[in-house]
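Structure, as structure tokens:
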Amino acid sequence: PGRPRWLLLSQLFQPLSLPVGGEGGWEGRPGEPTCRSQRLMLQGGLIHPTSPGCYCYLPPTVRAMEKLIRVMDEEMQALGGQKLNLPSLSSAEPWRASGRWDQMGPELFRLVDRHNHSYCLGPTHEEVVTELVASQSNLSYKQLPLRLYQVTRKFRDEPKPRFGLLRSREFYMKDMYTFDASEEAARHTYDQVCDAYCRLFSRLGLPFVKVQAATGSIGGTTSHEFQLPADIGEDRLVLCPEGHFAANVETLNGEQPSCPTCGERLTKTKGIEVGHTFFLGTKYSSVSNAVFSSHENKPQLAQMGCYGLGVTRILAASIEVLSMEDSIRWPSLIAPYQLCFIPPKRGSKEEEEGVAQLEQVYNHLAKALPHLASDSVLDDRTQLTIGKRLKDANKLGYPYVVIAGKRACEDPPVFEVWNQNAGEVLFLTKEGVTELLSKVQVP
């Protein structure tokens, strides 16, 4: 009792279909995956397709998602964000009032209930949250700024869902809606949230760019996207090499060959959009009459902003940009499991001693770094060679792999430790293993 239990790879619900040797796996089959992240997530038992653009997220993916959401919570709550949960099923009335019931077109999943009332499955929640705030008849300027956010499933009737979780019909998003007492205060909030997004992507170690963007169906007067440059990205971007200017080409009138600030030639790239921010002003608050009482005790419309981060898209996009062709690399902060232990092969002469020593390493680790004990997996497929299991661990992207090989029988025992993200192999005692892993962060 009280001692952490090994998580055994053989008991995890992670149905692997990892390619053997030089076999290409999923490529080249008609209708099969068309990008790296989709292929790696299917092979690694991370997602399972159920219908076009809809996936089961398997347990390791849910672990990664939960870690990512914890990092988002930290950043949002540091801004004074308060977490709520709005219904996915939304009545048509507020959407008609804002004009988006018609404007969104076939992208909106619509349904009619038994009483013949129209509803949609929310792709975003501006109308619902503004109605919620408008219903508070005694809202005072002293309660502003109000920064409300949620992490929920969203729905979009994509005409061509593709690239796995990069463009799906059902997905998870973090969306924040802010209400301020003045335009100046709302623009300050806008800058603060953009800074928080930059911090988040930096913490994940992702090579992001913040670009000027179109406001599209959300509306408003100012908008930025957070993009991960990638060949399969669907957005075309132009970037100043000195960092003075970055834009989605859809915001430009015609060709813009050089930076408007420094005159340097702009470079072109493609990107995967992983975050989007909008300054809305009173576009929605004026429709719902979301007012607060001002300093002079007069009703005044709240100034709004909305801010989205694609939770499941960030997972897939980070695998897309960080991974090799045949092996996953996670942002180490959100890897489903930080650590994989590999005991000796069954029947080998170091089997008994190696297993005992590996258990000691685990117990030492569990005492010194208890948060890592539940973030560790034992690859108990001891019928396979250490080399085969190491290859699989590499494909699955565990940041650290600890192997009990021949040197585990030395005095003192020495373990082979692979630091996958740094691309290095170390030989360490159990104290050395614990010291190395003491720097690992788990949200």
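Taking 25 Å as R0, compute the FRET efficiency from the Cβ-Cβ separation of residue 258 and residue 187 and round it to 0.05. Calculated value: 0.35.
Under a Cβ-only charge scheme (Lys and Arg +1, Asp and Glu -1), can you give me the dipole magnitude of the chain about the Cα centre, in debye to the nearest 20? Write down the numbers at each step before the final one.
Details: 48 positive and 51 negative charges, 136 e Å.
Taking the Cα centre of the chain as origin, the dipole is about 660 debye.
Excluding residue 231 itself, what net charge comes from residues whose Cβ is under 14 Å from its Cβ, given Lys and Arg +1 and Asp and Glu -1? Intermediate values should be presented prior to the final figure.
Details: positive: 36, 236, 268, 270; negative: 234, 235, 320, 325.
Computed value for this residue: 0.
Taking every alpha-carbon pair under 8 Å whose residues sit at least 6 apart, the stretch 281-339 reaches a relative contact order of 21 percent. Model label points for residue 8 and residue 424, set 7 angstrom from Cα along the Cα-to-Cβ axis, are 3.5 nm apart. Positive end of the dipole of the chain (Cβ unit charges, origin at the Cα centre): among 57, 217, 129, the Cα lying farthest that way belongs to 57.
Please report the relative contact order for the chain, taking Cα pairs under 8 Å with a sequence separation of at least 6, and give it as a percent rounded to a whole number. Answer for the chain is 16 percent.
Given a Förster radius of 41 Å and the C-beta distance between residue 118 and residue 140 as r, what FRET efficiency does 1/(1 + (r/R0)^6) yield to the nearest 0.05? Let's see the in-between values first.
Values: r = 35 Å, r/R0 = 0.86.
E(calc), rounded to 0.05, equals 0.70.
Take every DSSP beta bridge whose two residues both sit in the stretch 262-407, then give the antiparallel share in percent to the nearest 5.
Details: 9 of 16 bridges.
Antiparallel: roughly 55 percent of the beta bridges in the stretch 262-407.
Highest average first, the peptides 315-323, 198-206, 221-229 ordered by how many other beta carbon atoms sit within 10 Å of their residues are 315-323, 221-229, 198-206. Over the stretch 337-438, what is the relative contact order in whole percent, taking alpha-carbon pairs under 8 Å and six or more residues apart? 33 percent.
For the chain, DSSP calls about 85 percent of its internal beta bridges antiparallel. With N counted as the residues of the stretch 79-219, its alpha-carbon radius of gyration over 2.2 N^0.38 Å works out to 1.17.
With all protein chains kept in place, the per residue accessible area of the stretch 60-322 amounts to 45 square angstrom at a probe of 1.4 angstrom.
Each of the peptides 107-113, 257-263 was scored by the mean count of other Cβ atoms within 10 Å over its residues; in descending order, highest first, they stand as 107-113, 257-263. Kirkwood hydrodynamic radius of the stretch 60-322, from the reciprocal of the average inverse Cα-Cα distance over all distinct pairs: 19.4 Å.
Quote the FRET efficiency, to the nearest 0.05, computed for residue 56 versus residue 352 with a Förster distance R0 of 41 Å and r equal to the Cβ-Cβ distance. Approximately 0.55, to the nearest 0.05.
When only the heavy atoms of the protein chains count and the probe is 1.4 Å, how do 95, 418 rank by accessible area, highest first?
Details: 95 0, 418 75 Å².
Ranked list, largest accessible area first: 418, 95.
The rule of thumb for compact globular proteins, 2.2 N^0.38 Å, goes into the C-alpha radius of gyration of the stretch 337-438 0.96 times.
Listed by number, the DSSP H helices of the chain that run 20 Å or longer by alpha-carbon position along their axis and have mean Kyte hydropathy of at least -0.5 are 59-78. The 3J(HN,Hα) values that the Karplus relation (6.51, -1.76, 1.60; θ = phi - 60°) gives for the stretch 92-107 are, in residue order, 5, 4, x, 5, 5, 4, 7, x, 8, 4, 8, 4, 6, x, x, 5 Hz. Gly and Pro appear as x.
Considering only DSSP beta bridges where both residues belong to the stretch 337-438, give the percentage that are antiparallel (nearest 5).
Values: 9 of 16 bridges.
Among the beta bridges of the stretch 337-438, antiparallel pairing accounts for roughly 55 percent.
For the chain, the residue among 11, 311, 370 whose Cα projects farthest onto the positive side of the dipole built from Cβ charges is 11. Which of the GluC sites (Glu not before Pro) across the stretch 263-319 are loop residues per DSSP, with 10 or fewer other Cβ within 10 Å? Counting only loop positions with at most 10 other Cβ atoms within 10 Å, the GluC sites (Glu not before Pro) in the stretch 263-319 are 296. Considering all C-alpha pairs of the stretch 24-146, those separated by over 23 Å amount to 58%. What is the list of residues in the stretch 378-413 whose amide nitrogen lies under 20 Å from a point 7 angstrom out from the Cα of residue 368, following Cα to Cβ? Flagged as within label range: 378, 399-405, 407-413. Helix-only arithmetic for the chain: the sum of -39500 (n - 2.57) across DSSP H runs with n ≥ 4, divided by the residue total, places the mean residue ellipticity at 222 nm at -8500 deg cm²/dmol. Less than 5 angstrom separates the built amide H of residue 397 from those of 328, all sequence-distant by 5 or more or on a different chain. Label point of residue 439 set 7 angstrom out along Cα-Cβ; within the stretch 196-238, amide nitrogens under 17 Å from it belong to 203-205. Cα-Cα over 19 Å: which of 154/174; 67/439; 154/270; 388/430? The answer is 154/270; 388/430. Over the Cα atoms of the chain, the radius of gyration divided by the Kirkwood radius equals 1.03; this is the Rg/Rh ratio. I'd like the carbon and sulfur percentage of the solvent accessible area for the chain, probe radius 1.4 Å, heavy atoms only, ligands and nucleic acids excluded. For the chain, the apolar C and S fraction of the accessible surface comes to 50 percent. Sorting 102, 195 on solvent-accessible area from highest to lowest, probe radius 1.4 Å, gives 102, 195.
The values are calculated or read from the model by the stated rules, or taken from the named source; none is laboratory data. Computed from a prediction, not measured in an experiment: that's the story for all the values here. So basically every Cβ, Gly included, is an ideal-geometry build from the backbone, and we count neighbours across all protein chains shown. Ligands, DNA and RNA are stripped out before the accessible areas are found, and what is left, the full protein with its side chains, is counted by its heavy atoms. Shrake-Rupley method; radii C 1.70, N 1.55, O 1.52, S 1.80 Å.
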